[in-house]
1. Give me the dipole magnitude in Debye, nearest 20, for the chain about the Cα centre, with unit charges on the beta carbon: positive for Lys and Arg, negative for Asp and Glu.
2. With equal scatterers on the alpha carbons only and no solvent term, can you work out the Debye log10 of I(q)/I(0) for region 81-123 at 0.21, 0.28 1/Å?
3. Compute the convex hull volume of the Cα atoms of the chain, divide it by the residue count, and report the result per residue in Å³ as a whole number.
4. Taking a cut-off of 18 Å between Cα atoms, list the lysines near residue 50, but don't count ones fewer than 8 places away on the same chain.
5. Taking the chain as a Gaussian network, Cα atoms linked when under 10 Å apart, which of 111, 71, 98 shows the biggest mean-square fluctuation?
6. In whole Å and largest first, what semi-axes does the C-alpha gyration tensor of region 1-63 yield when each eigenvalue is scaled by 5 and square-rooted?
7. Which residue, chosen from 85, 16, 48, occupies the Cα position most advanced towards the positive end of the dipole of the chain, where the dipole is computed from +1 (Lys, Arg) and -1 (Asp, Glu) charges on Cβ about the Cα centre?
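Bear in mind that the values in this text are calculations on the coordinates, not laboratory data. Since this is a predicted model, take the numbers as computed values, not measurements. Here the Cβ positions follow ideal geometry from the backbone for every residue, glycine too, while neighbour counts run over all protein chains shown.
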Amino acid sequence: MNNQSEDVKINLIVNHKTFTATLNHNETVNELISMFPMTLHMSDLHANEKYNYLSSSLTTNSNTPGRIHAGDIKLFGNNCLVVFYDSFSTLYSYTDLGKVDDVDGFVSELGRGDITITFELVN
């Protein structure tokens, strides 16, 4: 894992296009990136998020953000990786993982329906 003072950058590859994201410094992120690279079939839910239930549980530190922002990357429960492509209010609790850097480009690429996303560390 990177030094705590350095940003953790990852790539999300969708439809052969690469988007970067900046991840938080926490135990959950450390556990998640230990699984990289990984390619996940992400199901669409409520026309505002893509999600996948991971095969392993991760450490959680959930909170109720009140508002989700397009580009947020979060963990729901202890094993559901969620990437949001719309902003909205919520009463659900999530563990914060990070955020996609170029939200506009990313959101427009996701479209509606299920997709495949590859997650990898930036070298």
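1. Details: 7 positive and 15 negative charges, 35 e Å.
That gives the chain a dipole magnitude of about 160 debye.
2. -0.94, -1.39
3. Dividing the Cα hull volume of the chain by its residue count gives 97 Å³.
4. The qualifying lysines are 17, 74, 99.
5. Maximum fluctuation in the GNM of the chain, among the listed residues, is at 111.
6. Values for region 1-63, descending: 21, 16, 12 Å.
7. 48
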